[in-house]
Amino acid sequence: MKKIIFDSDGFATDSGLVNVFVTNSDGIYLHETEEYVSEGTGLPDNMYLDAPPPAKADHVIIRASNGWKYLSDHRGQTYYRTDNGESCVINRIGEVDSGLTEQPRPSPYHTWDGETWHIAADRVTQQLADAKTEKLSILNLTAEQFVDNLTQAHNTPEFERATWGVQREEALAWFADNNAHTPTLDSIAAIRGVPSEVLRQKAYEKAMAYQAVIVTVTGQRQRFEDDIEAATSMAELEAIDIAFNLMEDA
């Protein structure tokens with residue numbers, strides 16, 4: 001390719017292809033390409049003959065009046081407000097505002113001290129207390145869900161679940177004394193068309209199985225509760241893994 005010469009006014013002294021460096025309408029460098037120029041014409045406003053500097057992380061190359069220069073570019077990056085810790089995604093070129101930091105706020109209890117997030121001693125105490133309250137709520141909910149999943153109680157209508165206490169009392173009384181009066185179980189058995197003795201036995205077995213589950217889960221829940229209350233740091237509290245099981249000897 002023959003070299004195209006441009007005069008002092010920027011016009012080509014011959015026609016042909018020339019390597020150019022292209023910017024967008026904002027002057028941001030895009031790419032290199034070849035452009036055909038006719039003798040006596042110049043380059044379009046967004047094309048330049050001199051090469052830009054090499055790419056630089058977190059910067060764009062922009063055309064200035066005196067050549068190429070770097071400009072900070074953090075578009076698409078997440079920063080955090082130092083006044084409240086809220087995240088925001090940078091969507092413009094230029095230096096990041098002074099009220100933003102790359103450091104995520106560790107917790108709502110931290111405040112910005114000008115260089116980093118800081119937590120005062122009294123806030124550490126409050127953070128731990130609040131975290132314990134939240135973890136205890138999670139503990140109780142997890143225990144309830146574990147029992148519900150085992151017993152499938154949610155598959156039984158509420159009005160029927162309301163009779164379980166009476167059925168249990170009658171079944172236990174019958175097991176202790178086969179002559180005990182069991183009117184609720186007898187009525188249910190008669191309507192179902194099964195022998196009362198069969199229903200009493202099944203009710204007793206279910207009552208004992210349910211009691212075994214409740215005893216195990218209650219013990220585990222209280223143990224977790226003790227561990228939560230005894231935690232002296234967030235690290236200790238976060239290390240408590242709440243998980244229930246029926247294999248206490250495992």
* Can you tell me which residue among Asp226, Asp186, Asp241 is in contact with a helix residue (DSSP H, G or I) (Cβ under 6 Å, 6 or more places away or on another chain), of a type in the set (Asp, Glu) and either modelled with pLDDT of 95 or more or part of a loop (DSSP other than H, G, I, E, B) (or both)? => Asp186
* Please go through the range 117-144 and pick out each residue that is part of a loop (DSSP other than H, G, I, E, B) and free of Cβ contacts under 8 Å to residues at least 12 places away in the same chain. => Ala120
* Residue by residue through the range 81-103, note down the ones that are closer than 23 Å to Val60 by Cβ and surrounded by 15 or more Cβ atoms within 10 Å (Cβ to Cβ). => Ile90, Ile93, Val96, Leu100, Thr101
* **Of residues in the range 152-182 being of a type in the set (Gly, Ala, Ser) and assigned to a helix (DSSP H, G or I), the one nearest to Glu197 (Cα to Cα)** => Ala171
* To do: Output the number of the condition that Tyr109 fails; it satisfies all remaining conditions of (1) within 30 Å of Phe244 (Cα to Cα); (2) modelled with pLDDT of 95 or more.
  => (1)
* Structure fact -> Log entry, pairs with first residue in the range 158-171 being more than 16 Å from Gln201 (Cα to Cα), second being of a type outside the set (A, V, I, L, M, F, W, C), beta carbons closer than 9 Å, six or more apart or on different chains, reads Thr163/Thr184
* Asked: Of all residues in the range 112-136 being of a type in the set (A, V, I, L, M) and over 25 Å from Asp241 (Cα atoms), which is nearest to the chain's Cα centre (by Cα)?
  -> Ile119
* Of the numbered conditions (1) in contact with a strand residue (DSSP E or B) (Cβ under 8 Å, 6 or more places away or on another chain); (2) closer than 25 Å to Thr232 by Cα, Asp58 satisfies every one except a single condition; which is it? -> (2)
* Pair list, Cβ < 9 Å and 6+ apart or interchain, from the range 87-116 residues that are in contact (Cβ under 8 Å) with a residue 24 or more places away in the chain and over 30 Å from Ala129 (Cβ atoms) to residues that are outside any loop (DSSP other than H, G, I, E, B) and not hydroxyl-bearing (Ser, Thr, Tyr) -> Ile93/Ile28; Ile93/Val60; Ile93/Ile62; Ile93/Leu71; Ile93/Asp73
* Structure fact -> The lone condition Pro53 fails out of (1) of a type outside the set (A, V, I, L, M); (2) assigned to a strand (DSSP E or B); (3) at pLDDT 95 or above is (2)
* Asked: Do you know which residues across the range 48-59 are closer than 15 Å to Asp26 by Cβ and either of a type in the set (Gly, Ala, Ser) or touching a Ser or Thr at 6+ places or on another chain (Cβ under 8 Å) (or both)?
  -> Tyr48, His59
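Taking Asn178, is it closer than 30 Å to Pro108 by Cβ, in contact with a Lys or Arg (Cβ under 9 Å, 6 or more places away or on another chain) and surrounded by fewer than 16 Cβ atoms within 10 Å (Cβ to Cβ)?
So Asn178 fails the test.
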* To do: Only residues that are at pLDDT below 95, among the acidic types (Asp, Glu) and under 58 Å from the mean Cα position of the chain (by Cα): list them for the range 1-34, please.
  => Asp26, Glu34
* So which residues in the range 1-32 are in a strand (DSSP E or B), out of contact with any His (no Cβ under 9 Å at 6 or more places or on another chain) and surrounded by 11 or more Cβ atoms within 10 Å (Cβ to Cβ), if there are any at all? -> Phe6, Ala12, Gly16, Leu17, Val18, Asn19, Val20, Thr23, Ile28, Tyr29, Leu30, Glu32
* Asked: Can we say Ala189 is free of Cβ contacts under 8 Å to residues at least 40 places away in the same chain, within 23 Å of Asn140 (Cα to Cα), assigned by TED's automatic domain parsing to the domain that holds Trp164 and not β-branched (Val, Ile, Thr)?
  -> no
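The values are calculated or read from the model by the stated rules, or taken from the named source; none is laboratory data. All values derive from a computational prediction rather than experimental measurement. Please note: Cβ atoms are built from the backbone with ideal geometry, for glycine as well, and neighbour counts cover all protein chains shown.
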